[in-house]
2 protein chains.
Amino acid sequence: MGGIVVIGGGTGSFTVLKGLKRYTNNLTAVVSMFDSGGSTGILRDELGHLPPGDVRRCILALAPEDTHTDVLRDLMSFRFENGKGLSGHSLGNLLLTALKEITKDEVLAIERLSQLLGLKGRVLPVTIDNSHLCAVMENGTIVRGETNIDIPDHDPNLKITKLFVDPPAHALIDAIDALKNADKIVIGPGDLYTSIIPNFLVKGIPEAIKESKAKKIYICNVMTKYGETNDYKASTFLKEIEKYLGEKSVDVMICNTELGEETLLKKYSEEKAYPVEIDVENLSHVQLIADDFLNKAEIIRHDSMKLAKTIMNL
Amino acid sequence: MGGIVVIGGGTGSFTVLKGLKRYTNNLTAVVSMFDSGGSTGILRDELGHLPPGDVRRCILALAPEDTHTDVLRDLMSFRFENGKGLSGHSLGNLLLTALKEITKDEVLAIERLSQLLGLKGRVLPVTIDNSHLCAVMENGTIVRGETNIDIPDHDPNLKITKLFVDPPAHALIDAIDALKNADKIVIGPGDLYTSIIPNFLVKGIPEAIKESKAKKIYICNVMTKYGETNDYKASTFLKEIEKYLGEKSVDVMICNTELGEETLLKKYSEEKAYPVEIDVENLSHVQLIADDFLNKAEIIRHDSMKLAKTIMNL
């Protein structure tokens, strides 16, 4: 056992896993299962399956990039753009959904697809309970459904004071085992309230993380997100994590110091997203690794390889 | 080159190919491309692609039955039963459609999927022109679209006097080459007017078959089909084939002598489908192989292995 467990969801997990797979096969992705938008939301609503989107992304991240599976990876990434009922659907989501119907088992479906792609590592849903993410806003209103929190249909200036899942969700036993036996647990990066914390709302997960002797590494976001983490500093992110996992639950925090290009920053500022300020003075209780972790690309995002190298050296 | 070319479409080709693959890898399926119903029809109409259904069936027939590709074969056979836009769609059709969009090439898409499944043999569309099958009925009316001929929206007592495709279709050069260089060409079994003859309406195909030094083997249907081949005897089937391929174009004709179980025959007779009578006296210009080729199952169909053994011995 041992190895590295990455807990999160969405593109953040994708980025970390893509780098880490170059160093080790002993990798497990524990994936948030509360997505309710897009192709995933339709499959969830109409077919009653668990949301496949984040699982698909993690499977793709861990797929070896050899020519043998080129075609399969292309298919996994394909999205239909035309066709009345098909438009918007990711083929990878459809494959997962079909495998779920064939195997009658969420976890087995993921395993089968993973085998097909010769995956380096495992992808585990944090839960197979069909629950929805809910946010309590500071004015007391409740926003229901991940996609409604993520793409706010709420007043974006209101703070999220509490998250919960409804009905309560229980952790997959394999996810608990992986966390308990890990050498390193990597939390994030990813949207704090819609990709990271939802995992900690699942019964058994915070307990497993606390109990684990693993080094716990939190990768803080590069940018704030309007409607979710307005004006958050590095310590605010950490405090939110600790609210669900307990004080001093994080050993190492990775923060990016490099600002993106000015033109890019300007684009982000139009969406009221700004670089996360690293307020070192409030981070004294963690080992802080502040460095350039930026991927120099057309969007502001962590660099897979820089993150992986740093995590491996911890 | 050399080898066996099976020309047809639908479940008939599936049956022959499934048996033949146990004897040889030197197999090519040339597949009719005029299907316009079901999942295939929707993809054809909404996405403007060629019909994937018969190609998918032939790919499945030629896929080796090893455990390594179990999951892929399961996925290829899966059909969505729920979901507003998805219900009725075959996942194999969606895979072919996605590969077409990824590769921008019908033939390459089939090749990629074939490689993925480690196919024994090749599957070739008879044409990549987007044409529709049309039937001229004996009263002069024209029925357009394979599905309308197949599931008759025409008076089922009217004979089909002529078939044509609109616009004219030109054969895939690889299909022409395969036919010209074959050792054996297997025609059928399959619906005469919607699976077999449509191939002969494609420019270049009848010429290639005539020019080929291959032994030409026609597998006659076991049952007549109401609305298409009412009261047809073996010689009527052959005559129709010869109408498009030329006289004496068939060297060997395989006919089934075994009647199905009485209860089964009764079920078929309710749909006005009857065993094809072998009128030996009108078949003197072909080598006739009349034997028990029946698959003893819950439907009346040819037996894959019996057909394959007979073809291999020719």
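The values are calculated or read from the model by the stated rules, or taken from the named source; none is laboratory data. Bear in mind the structure is a predicted one, so any value in this text is a computation, not a measurement. Cβ sites come from the backbone with ideal geometry, for glycine too, and all protein chains shown count toward neighbours.
Below is a table of values for the structure above.
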| quantity | calculated |
| --- | --- |
| Complete set of residues in region B:114-135 that are of a type in the set (A, V, I, L, M, F, W, C), outside any loop (DSSP other than H, G, I, E, B) and either closer than 17 Å to B:Gly10 by Cβ or modelled with pLDDT of 95 or more (or both) | B:Val123, B:Leu124, B:Leu133, B:Cys134, B:Ala135 |
| Test result for B:Thr97, at the interface with another protein chain (Cβ under 9 Å from one of its Cβ atoms), free of Cβ contacts under 8 Å to residues at least 60 places away in the same chain, polar (S, T, N, Q) and out of contact with any strand residue (DSSP E or B) (no Cβ under 8 Å at 6 or more places or on another chain) | yes |
| Hits in region B:151-202 - residues which are part of a loop (DSSP other than H, G, I, E, B), farther than 15 Å from B:Thr224 by Cα and not acidic (Asp, Glu) | B:His154, B:Pro167, B:Pro168, B:Ala169, B:Leu172, B:Ala182, B:Leu201, B:Val202 |
| Single residue of region B:243-269 satisfying the filter (within 25 Å of B:Pro198 (Cβ to Cβ) and out of contact with any strand residue (DSSP E or B) (no Cβ under 7 Å at 6 or more places or on another chain)) that is surrounded by the most Cβ atoms within 10 Å (Cβ to Cβ) | B:Leu245 |
| Elements of type helices (runs of 4 or more DSSP H) in region B:27-90, at least 1 residues being within 24 Å of B:Phe200 (Cβ to Cβ) | B:38-47, B:53-62 |
| Residues of region A:50-66 that turn out to be crowded, with 17+ Cβ neighbours inside 10 Å and free of Cβ contacts under 8 Å to residues at least 40 places away in the same chain, as a count | 1 |
| Where B:Lys272 falls short, out of the listed (1) in contact with a Phe, Trp or Tyr (Cβ under 6 Å, 6 or more places away or on another chain); (2) crowded, with 18+ Cβ neighbours inside 10 Å | (2) |
| Number of the exception - B:Thr15 against (1) more than 15 Å from B:Val123 (Cα to Cα); (2) assigned to a helix (DSSP H, G or I) | (1) |
| So A:Val143, is it assigned to a strand (DSSP E or B) and either more than 19 Å from B:Thr97 (Cβ to Cβ) or of a type in the set (Phe, Trp, Tyr) (or both) | yes |
| The one condition in (1) closer than 29 Å to A:Gln115 by Cα; (2) within 14 Å of another protein chain (Cβ to nearest Cβ) that B:Asp45 fails to fulfil | (1) |
| Residues that are among the charged types (D, E, K, R) and more than 11 Å from chain A (Cβ to nearest Cβ), drawn from region B:53-75 | B:Asp54, B:Arg56, B:Arg57, B:Glu65, B:Asp66 |
| Where a residue in region B:67-78 is surrounded by fewer than 17 Cβ atoms within 10 Å (Cβ to Cβ) and its partner, wherever it lies, is in a helix (DSSP H, G or I) and not small (Gly, Ala, Ser), with Cβ under 7 Å and at least six apart | B:Asp74/A:Ile102; B:Ser77/B:Leu60 |
| Scope region B:188-216; condition of a type in the set (D, E, K, R) and surrounded by fewer than 19 Cβ atoms within 10 Å (Cβ to Cβ); matching residues | B:Lys203, B:Glu207, B:Lys210, B:Glu211, B:Lys213, B:Lys215 |
| Test for B:Lys120: is it in contact (Cβ under 8 Å) with a residue 24 or more places away in the chain and buried (at least 21 other Cβ atoms within 10 Å of the Cβ) | no |
| Looking only at region A:255-279, and only at residues there that are among the β-branched types (Val, Ile, Thr) and free of Cβ contacts under 8 Å to residues at least 40 places away in the same chain, the one that is farthest from A:Leu238 (Cα to Cα) | A:Thr263 |
| Residue, modelled with the highest pLDDT, within region B:39-49, restricted to residues that are surrounded by fewer than 24 Cβ atoms within 10 Å (Cβ to Cβ) and touching a helix residue (DSSP H, G or I) at 6+ places or on another chain (Cβ under 7 Å) | B:Gly41 |
| Single match in A:Lys162, A:Lys210 (criterion: within 30 Å of A:Lys309 (Cβ to Cβ) and basic (Lys, Arg)) | A:Lys210 |
| Out of A:Asn230, A:Asn295, sole residue that is polar (S, T, N, Q), modelled with pLDDT under 95 and part of a loop (DSSP other than H, G, I, E, B) | A:Asn230 |
| Residues located in region B:21-54, provided they are touching a His at 6+ places or on another chain (Cβ under 6 Å) and among the small types (Gly, Ala, Ser) | B:Ser39 |
| Some residue of region A:183-194 being of a type in the set (Ser, Thr, Tyr), in contact (Cβ under 8 Å) with a residue 40 or more places away in the chain and touching a Gly at 6+ places or on another chain (Cβ under 7 Å) | no |
